[in-house]
Amino acid sequence: MSDSVLTPISRTDWAKVAALSDAEIDTSESPLLDDAFFVQATVRMPNRPLAEVTLRIDPLLLRWFQNQSAEYERPINAALRIYVEAHSSYEPPGKGT
């Protein structure tokens, strides 16, 4: 499967988007991130060593994470942990009662 099959051509006019002022950007569908949101927000990056495994991952996803940081494995791990916690009764060690 070629990379071009996985990469759709963007029809976004990025120059036009970059030229928009803050007032021109429609944020009506975005949730309000008020002080209450940030009081509850936490940075969720694992601090313990990661297990070394071989994992097949979508090349586009891998490149996106690699473009975010040289330490791209930790955000991938954090994203997987958030997904597991949201979809199960998973409780990380040390967080129990």
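A short reminder: the numbers here are calculations on the coordinates, not readings from a lab. Owing to the predicted nature of the structure, the values given are computational and were not obtained by experimental measurement. Glycine gets a Cβ as well: all are built from the backbone with ideal geometry, and neighbour counts include every protein chain shown.
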How much FRET efficiency would the formula 1/(1 + (r/R0)^6) give for R63 and R11, where r is the Cβ-Cβ distance and R0 is 22 Å, rounded to 0.05?
0.60
Provide the FRET efficiency to the nearest 0.05 for the L55-A86 pair, computing r from the beta carbons and using R0 = 25 Å.
0.80
